[in-house]
Amino acid sequence: MKVVEETHTRLVVKHQPIMNWLWGSLLFIGGLSFWIYFIFFDFASLRFTCTRSAPPEINCELKRFTLVGSMEKVKIFDPQQAYIKTILGSKGSRSYQTIIVSRFGEFSLLPNISYQENEKFIIKVNSFINSGESFFVATQNRRIYLFYISLLAFVLSGVGAFLATSPLSICTFYKSINKVLIERKGLRGNKIIEYPLEEIVRFYIQDKRVKYSRLYRAVIFIKDGKEIPIHLEYTDEKSVKYVVMKIRQFLNVNL
């Protein structure tokens with residue numbers, strides 16, 4: 001927030017919500033990127049089928065599906081066993097994933113499936129491998145989990161878009177026409193607030209606590225009881241106090 005123009009008849013104060021624009025853009029880009037990944041590229045379910053031929057060898061097919069239905073197909077020859085892999089996260093969190101071991105390598109199934117569901121799956125797979133059965137099919141599904149996490153990413157991108165389109169505030173005091181004009185300009189539209197100078201009762205500074213610090217904004221108190229912020233966003237104390245001082249000096253008042 002700063003004074004951008006001062007003459008004998010006009011004082012112009014401008015506030016650019018740069019931090020809102022910056023954090024909003026980061027949230028929008030990050031949230032939208034994750035949403036696209038979860039919807040179009042991350043796998044939500046799978047179908048694992050195996051057939052046993054003679055002489056006894058097992059040929060399997062792993063089909064993985066995204067939320068929008070696109071599919072990836074993997075051939076797995078001669079699986080030997082299945083086991084549960086424990087993945088350690090931050091702060092001691094754990095997640096589990098089924099691994100299929102074949103003579104040609106290991107194949108990971110869906111992550112973020114509960115231990116109980118993984119355990120049921122590997123019991124079925126290992127039982128088939130050690131049996132004489134000719135056909136086997138099993139599935140994994142995490143569509144609900146992926147739906148909610150993609151919804152969260154979408155909401156974050158929406159919050160980011162809202163912040164990134166925060167309006168620019170321009171407050172102009174005109175002595176020549178005896179008015180104060182506050183303009184909000186942004187992608188969400190423009191708004192103009194206009195009052196005669198004699199309607200101003202006083203100027204004061206609002207503050208709010210944010211974690212371990214305080215932020216401030218300048219407010220005009222009008223005779224009809226309305227409180228009109230000069231700028232919508234809260235910012236640093238020094239710039240707000242300076243601008244309020246300049247406004248009082250320009251209007252030659254001690255409101």
Query raised in the report: What percent of all Cα-Cα pairs in the range 93-194 falls in each 10 Å bin, counting up from 0?
Result: 11, 23, 17, 11, 10, 10, 9, 6, 3, 0
Report task. Would you work out which of 65, 87, 150 lies farthest towards the positive end of the dipole of the range 62-192? Charges go on Cβ: Lys and Arg +1, Asp and Glu -1. Result -> 150
Query raised in the report: Among 161, 126, 115, which residue has its Cα positioned farthest towards the positive end of the charge dipole of the range 91-211, with +1 placed on the Cβ of Lys and Arg, -1 on the Cβ of Asp and Glu, and the dipole taken about the Cα centre?
Result: 161
**Report entry** For the range 136-255, with +1 on Lys and Arg beta carbons and -1 on Asp and Glu, the positive-most of 213, 141, 225 along the dipole
**Finding:** 141
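For residue 249 and residue 23, calculate 0.36 nm times their separation in residues minus their Cα-Cα distance, and state this gained length in nm to one decimal.
On the way: separation 226, 0.36 × 226 = 81.36 nm, distance 3.46 nm.
Gain on extension, residue 249 to residue 23, equals 77.9 nm.
Enter the accessible area per residue of the chain (Å², integer; probe 1.4 Å; all protein chains in place).
Details: 15140 Å² over 255 residues.
Accessible area per residue, the chain: 59 Å².
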Query raised in the report: At a 1.4 Å probe, what is the % contribution of carbon and sulfur to the accessible area of the range 170-247?
Result: 52 percent
Report task. If a cysteine in the chain has no other Cys Cβ under 4.7 Å from its own Cβ, put it on the list, ordered by number. Result -> 171
Report task. Kindly report, to the nearest 10 Å², the accessible surface of residue 42 as traced by a 1.4 Å probe over protein heavy atoms only. Result -> 20 Å²
Query raised in the report: Using the Karplus equation 6.51 cos²θ - 1.76 cosθ + 1.60 (θ = phi - 60°), what ³J(HN,Hα) coupling, rounded to whole Hz, does each residue of the range 149-165 give in order, writing x for Gly and Pro?
Result: 6, 6, 5, 4, 4, 5, 5, 4, 5, x, 4, x, 5, 5, 5, 5, 9
Report summary line: With no solvent term and unit scatterers on the alpha-carbon positions of the range 114-255, Debye gives log₁₀ I(q)/I(0) at q = 0.09, 0.12, 0.14, 0.21 Å⁻¹ of -0.50, -0.67, -0.82, -1.29
**Report entry** Measure of compaction for the range 64-115 (Cα Rg per 2.2 N^0.38 Å)
**Finding:** 1.34
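Where does the chain land at 222 nm, in deg cm²/dmol rounded to the nearest 500, when only DSSP H runs of n ≥ 4 count, each adding -39500 (n - 2.57), divided by all residues? Don't jump to the answer; show the numbers that get you there.
Details: 4 runs with 75 residues, N = 255.
One gets -10000 deg cm²/dmol as the mean residue ellipticity at 222 nm.
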Report summary line: Excluding ligands, DNA and RNA, the carbon-plus-sulfur percentage of the accessible area of the range 65-117 with a 1.4 Å probe reads 49 percent
Query raised in the report: Relative contact order of the chain: what whole-number percent is it, with Cα pairs under 8 angstrom and at least 6 residues apart?
Result: 20 percent
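What is the diffusion coefficient of the range 171-247 in µm²/s, taking the Kirkwood radius over Cα pairs and the Stokes-Einstein relation at 37 °C with a viscosity of 0.692 mPa s?
Working: Rh = 13.5 Å.
Result for D is 244 µm²/s.
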**Report entry** Centroid-to-centroid separation of the range 203-255 and the range 1-22 [C-alpha atoms, Å]
**Finding:** 13 Å
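Could you size up the charge dipole of the range 19-145 around its Cα centre, putting +1 on the beta carbon of Lys and Arg and -1 on that of Asp and Glu, and report it in debye to the nearest 20? Don't jump to the answer; show the numbers that get you there.
Values: 14 positive and 9 negative charges, 36 e Å.
Magnitude of the dipole: close to 180 debye.
Kirkwood hydrodynamic radius for the range 1-68: how many Å is it when counted over pairs of different Cα atoms?
Numbers: mean 1/r = 0.0564 Å⁻¹.
Taking every pair of different Cα atoms in the range 1-68, averaging 1/r and inverting gives 17.7 Å.
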Query raised in the report: Over the range 161-212, what per residue volume does the convex hull of the Cα atoms give, in whole Å³?
Result: 108 Å³
**Report entry** Simple Cβ-charge dipole of the chain, Lys/Arg +1 and Asp/Glu -1, about Cα centre, in debye nearest 20
**Finding:** 620 debye
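With viscosity set to 0.692 mPa s at 37 °C, what whole-number translational diffusion coefficient in µm²/s follows for the chain from Stokes-Einstein and a Kirkwood radius over Cα pairs? Don't skip to the answer; put the middle values down first.
Values: Rh = 23.5 Å.
Translational D for this selection: 139 µm²/s.
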Query - Kirkwood Rh and Cα Rg combined as Rg over Rh, evaluated for the range 1-125 - result: 1.38
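The values are calculated or read from the model by the stated rules, or taken from the named source; none is laboratory data. In this text, all values refer to a predicted model and were calculated from it rather than measured experimentally. Heads up, the Cβs are rebuilt from the backbone with ideal geometry, glycines too, and the neighbour counts pull from every protein chain shown. These area figures cover heavy atoms from the full protein model, side chains too; ligands, DNA and RNA do not enter into them. Shrake-Rupley method; radii C 1.70, N 1.55, O 1.52, S 1.80 Å.
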